[in-house]
Amino acid sequence: MVIFEPSILSADFARLGEQAQEVEVAGAKAIQIDVMDGVFVPNITFGTGVVKALRSLVRMQLDVHLMIVEPERYLQQFIDAGADRLIIHQEASTHLFRTLQIIKNAGIEAGITMNPGTSLSTIEEVLEIVDLVQIMTVNPGFGGQAFLYNQLKKIRRLKQKLDQLGLQIPIAVDGGIDVHTAPLVVDAGATVLIAGSSIFNQQKLIAENLKALQDSVNH
Ligand code: DX5
């Protein structure tokens with residue numbers, strides 16, 4: 001089953017709580033909260049305060065995508081704020097295995113992600129302990145960017161690798177997901193599709209956009 005996970009980076013920050021509730025009413029089971037520190041990526045967004053505020057508003061799973069250097073410095077704060085899954089970048093943590101172990105030992109889910117230019121081989125040693133692998137199909141930092149088609153083969157290779165290892169962990173894809181690219185990444189093996197600007201935009205209502213995305217892969 002394909003799950004669409006709205007990324008609040010493209011939401012109206014002046015109405016974040018309302019839009020998170022709207023997304024929940026529209027049927028989303030999880031949202032992705034894009035935390036950026038202005039160092040790992042050339043943008044600054046929000047921190048534990050937003051996670052805590054949303055935790056009190058919605059029942060959905062809160063996935064926190066940490067686009068920050070040395071994420072190990074803030075794991076406990078995000079866990080305490082209410083994160084259900086922490087997704088860290090391979091490039092951001094010197095002791096990747098230990099950082100993922102800390103997340104797992106705290107009783108929440110651990111996700112690993114990597115930039116488009118980073119090879120799958122860099123996460124091979126942690127596949128057995130993660131709950132999700134997220135492939136970035138844009139350079140992280142901003143919503144509304146163009147989908148990087150060259151990442152499709154990476155998704156396929158990851159799916160093959162997970163099948164070879166007998167690992168049943170979901171592949172998430174993040175960046176440039178819309179009604180045209182969603183079927184492509186699903187065909188390549190992704191089952192969790194993170195979408196920002198194709199859900200939060202001026203063209204249609206959140207519920208309409210979510211339904212269009214779901215329809216694009218239901219055949
Ligand atoms: C980019 C973020 C993505 C982004 C997706 O750094 O990680 O989640 O918000 O936005 P769209 O769907 O607009 O590419």
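Looking across Gly166, Gly196, Gly176, one residue alone is in contact with a Phe, Trp or Tyr (Cβ under 6 Å, 6 or more places away or on another chain) and either without any contact (Cβ under 8 Å) to a residue 12 or more places away in the chain or crowded, with 19+ Cβ neighbours inside 10 Å (or both). It is Gly176.
With respect to the stated conditions, Lys159 fails to be over 18 Å from Asp34 (Cβ atoms), part of a loop (DSSP other than H, G, I, E, B) and either without any contact (Cβ under 8 Å) to a residue 24 or more places away in the chain or touching a strand residue (DSSP E or B) at 6+ places or on another chain (Cβ under 9 Å) (or both).
Take Ile206 and decide whether it is β-branched (Val, Ile, Thr), closer than 13 Å to Val133 by Cβ and either surrounded by 18 or more Cβ atoms within 10 Å (Cβ to Cβ) or in contact with a Pro (Cβ under 7 Å, 6 or more places away or on another chain) (or both). No.
With respect to the stated conditions, Lys154 is closer than 13 Å to Ala188 by Cα and buried (at least 18 other Cβ atoms within 10 Å of the Cβ). Taking the criterion of being in a helix (DSSP H, G or I), closer than 12 Å to Val2 by Cβ and not hydrophobic (A, V, I, L, M, F, W, C), the residues of the range 177-215 that qualify are Pro183, Asp187, Gln214, Asp215.
Of all residues in the range 111-138, those satisfying the criterion of being under 14 Å from Gln90 (Cα atoms), free of Cβ contacts under 8 Å to residues at least 60 places away in the same chain and of a type in the set (S, T, N, Q) are Asn115, Thr118, Ser119, Ser121, Thr122.
Just so you know, all these numbers are worked out from the coordinates, no wet-lab data involved. Keep in mind that this is a model prediction, so the values were computed, not measured. Don't worry about glycine lacking a Cβ; one is built from the backbone with ideal geometry, like all the others, and counts go over all protein chains shown.
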